[in-house]
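Take a look at the structure set out below.
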Amino acid sequence: MPAFEHHVFVCHNFRPEGAPRRSCTQDGKSDLHTQLQQLAKAAGLGGRVRINKSGCLDQCEHGPMVVVYPEAVWYGNVQPQDAAAIVEEHLLGGRPVERLRVAEDCLNNKSCPHQG
């Protein structure tokens, strides 16, 4: 079996209410992960793309987070309805979804000037 063309990590981290950093999920479950898996499979990417749940990606201020390798494209504030764009534009089309990308100078930066 050949190596995966893309490996997608979807943060599943959950923090209790009142925690100093935000969570990527409300309850440790992710409709986003499910959507990505279902859409990738429907697009025929089952053996070419691996979509995994991950622990904290340490980019909590931009969550929910998704990162796609081997390109190391970081997506922030991703919602289940964004899954189709990631599958169609990035995984199938080879073009990152620019509207979802976290600016490079915002990665590992808790005071990102681009946050809205």
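Some observations on this one:
- Residue selected from the stretch 65-116 under the condition of a type in the set (Lys, Arg) and free of Cβ contacts under 8 Å to residues at least 24 places away in the same chain, by the criterion farthest from Thr25 (Cα to Cα): Arg95
- Just one of (1) free of Cβ contacts under 8 Å to residues at least 40 places away in the same chain; (2) in contact with a Cys (Cβ under 7 Å, 6 or more places away or on another chain) fails for Cys11. It is (1).
- Number of the exception - Ser54 against (1) touching a Pro at 6+ places or on another chain (Cβ under 9 Å); (2) surrounded by 14 or more Cβ atoms within 10 Å (Cβ to Cβ): (1)
- Residue selected from the stretch 72-93 under the condition farther than 19 Å from Lys41 by Cβ and small (Gly, Ala, Ser), by the criterion farthest from the chain's Cα centre (by Cα): Ala72
- Restricted to the stretch 25-44, and to residues there that are more than 15 Å from the chain's Cα centre (by Cα) and closer than 19 Å to Gly63 by Cβ, the residue that is modelled with the highest pLDDT is Gln26.
- The stretch 90-109, residues that are closer than 12 Å to Gly76 by Cβ, aliphatic (A, V, I, L, M) and modelled with pLDDT of 95 or more: Val97, Leu100
The values are calculated or read from the model by the stated rules, or taken from the named source; none is laboratory data. None of the values given here were measured: they were computed from a predicted structure. Ideal geometry is used to build each Cβ from the backbone, glycine not excepted, and the neighbour counts take in all protein chains shown.
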